[in-house]
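Working notes, beginning with the structure itself.
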Amino acid sequence: MLYRTMPKNGDKLSALGFGCMRLPMTDGVIDEERAIAQIRQAIDNGVNYVDTAWPYHNGESEPLLGKALKDGYRDKVKLATKLPTWLLKSREDMDTFLDAQLERLGTDHIDYYLVHALSGPSWKTIEALGAKAFLNKAVQEGRIVNPGFSFHGLAEDFQPIVDAYPWVFCQIQYNFLDTDFQAGTKGLEYAASKGLGVVIMEPLRGGNLALPEPPQAIADIWDLAEDERTPAEWALRWVWNHPEVTVVLSGMNDEEHIRQNMAVAAEAEPDSLTRSELDLVKRVADTYRRLMQVGCTGCGYCMPCPAGVQIPTCFDMLNKLHMFGNEAEAKHMYNAFAAGTVLQREPGFASQCVECGKCLEKCPQSIEIPEVLKRVAAALE
């Protein structure tokens with residue numbers, strides 16, 4: 001495992017962090033035994049940064065991680081979780097959530113605590129509620145060690161938030177498709193110039209960049225490379241190639257994926273890709289942008305839908321239809337998943353959308369969800 005230094009405190013953090021947003025599931029709930037084994041497997045092999053949040057897995061991720069970090073594992077890692085900004089009504093709520101998270105995680109301190117899902121408007125709201133005073137007090141008391149924030153806003157909002165508080169680090173979405181999305185490359189470089197560590201989320205864009213059998217047009221480009229690498233390795237190496245990046249989070253829920261990602265993390269030095277390799281990745285990115293219909297990462301922030309629509313599944317199937325061009329297979333898979341026969345017990349078709357707009361408030365990608373769901377229904381139902 002390679003390690004990178006958090007600029008403001010000198011922590012040596014594993015280049016690969018374990019994200020606990022997509023843990024293995026069985027019958028609609030976390031497969032606790034398997035998830036704990038996976039987390040501990042990663043830690044035993046050098047991962048020392050683990051990340052969760054209040055809403056992940058409908059609130060079950062933090063308690064699960066707390067169990068995984070028993071038996072001495074808590075002392076081996078830097079633990080990160082997040083303040084759910086959208087649930088805050090007062091300054092007191094901030095302490096209430098933090099104390100609940102400490103209890104759920106079975107610890108007396110959070111090493112890296114993020115003010116979650118900031119945009120320009122949301123930061124102004126919680127700043128007015130007393131977020132700075134909360135962070136200062138929690139750090140002074142030792143409940144928080146390093147304050148930071150995760151960002152889901154517009155590019156122009158990022159720099160003012162970086163400058164608004166003496167953050168130790170930030171977390172941004174970044175991959176070879178999202179160089180101009182949200183914080184983007186400019187945000188990455190600005191945060192690093194201010195001495196912030198940068199933690200990367202969605203390096204594989206919800207797994208879409210790691211498909212073992214990518215669209216043929218993408219596979220043809222990868223075949224031109226001199227070194228044989230999987231799509232996941234290409235995507236991860238591209239992010240790690242940036243020296244401004246401190247940690248790359250991967251939501252790993254398969255033992256073989258964990259092994260593969262750790263193998264890549266042991267070799268992915270900054271500035272290690274050649275010019276021709278970077279040009280190859282750019283060609284892949286340009287081709288993906290032409291093929292993909294909707295920029296959904298499958299984060300699930302839009303869920304649950306009041307009308308029962310399985311929004312990420314609907315968008316994933318629409319993208320697969322256009323990327324692979326197999327209409328019969330796309331319709332078959334859409335009906336298998338959305339009809340309630342796979343993963344969930346109740347139907348979740350796109351046509352169930354009543355355009356209530358609640359998903360629009362929560363989507364970090366700013367997708368016009370009801371409009372895209374109409375396209376899904378027209379194409380796949």
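Select from PHE324, LEU278, LEU224 the residue farthest towards the positive end of the dipole of segment 205-346; place +1 on Cβ of Lys and Arg, -1 on Cβ of Asp and Glu, and compute about the Cα centre.
Of the candidates, PHE324 comes out farthest on the positive side.
May I ask which residue of ILE39, LEU105, ALA133 lies farthest towards the positive end of the charge dipole of the chain, with charges of +1 (Lys, Arg) and -1 (Asp, Glu) on Cβ and the Cα centre as origin?
Sorting the options by dipole projection puts first ALA133.
Tell me the accessible surface of ARG4 in square angstrom (1.4 angstrom probe, heavy atoms of protein chains only), to the nearest ten.
About 30 Å², rounded to the nearest 10.
Using mean Cβ contacts within 10 Å as the protection proxy, how do 42-52, 69-79 order, highest first?
Order by mean packing, descending: 42-52, 69-79.
DSSP loop (so not H, G, I, E, B), at most 12 other Cβ within 10 Å: list which GluC sites (Glu not before Pro) in segment 153-228 pass both filters. Provide the component values of the computation, followed by the final result.
Working: sites: GLU156, GLU189, GLU226, GLU228; in loops: GLU226, GLU228.
Passing both the DSSP loop test and the Cβ count: GLU226, GLU228.
Starting at the first residue of segment 309-317, write each ³J(HN,Hα) from the Karplus equation 6.51 cos²θ - 1.76 cosθ + 1.60 with θ = phi - 60°, in whole Hz, x for Gly and Pro.
Rounded to whole hertz, the list is 5, 8, 4, x, 5, 4, 5, 4, 5.
For the chain, list the cysteines whose Cβ sits under 4.7 Å from no other cysteine Cβ?
Among the cysteines of the chain, those whose Cβ sits 4.7 Å or more from every other are CYS20, CYS170, CYS296, CYS299, CYS305, CYS314, CYS353, CYS356, CYS363.
Share of antiparallel DSSP beta bridges in segment 3-289, in percent to the nearest 5? Numbers along the way, then the final one.
On the way: 5 of 33 bridges.
So the antiparallel bridges in segment 3-289 amount to around 15 percent.
Mind telling me which of PHE315, PHE324, PHE349 comes out most flexible in a GNM of the chain, alpha-carbon contacts under 10 Å?
Most flexible of the set in this elastic network: PHE324.
Suppose every K and R has +1 on its Cβ and every D and E has -1 on its Cβ; what is the size of the dipole of segment 3-289 about the Cα centre, in Debye to the nearest 20?
Its charge dipole is roughly 880 debye.
Of all accessible surface on the chain at a 1.4 Å probe, what whole percent is carbon and sulfur?
50 percent
Could you give the accessible area per residue of the chain, probe 1.4 Å, as a whole number in Å²? Intermediate results must be reported in sequence, preceding the final value.
Details: 16450 Å² over 381 residues.
For the chain, the solvent-accessible area averages 43 Å² per residue.
The values are calculated or read from the model by the stated rules, or taken from the named source; none is laboratory data. Quick caveat, the model's predicted, so the values are computed rather than measured. Because the Cβ atoms are built from the backbone with ideal geometry, glycine has one as well, and the counts that use them run over all protein chains shown. Note: areas computed on protein heavy atoms with side chains; ligands, DNA, RNA excluded. Shrake-Rupley method; radii C 1.70, N 1.55, O 1.52, S 1.80 Å.
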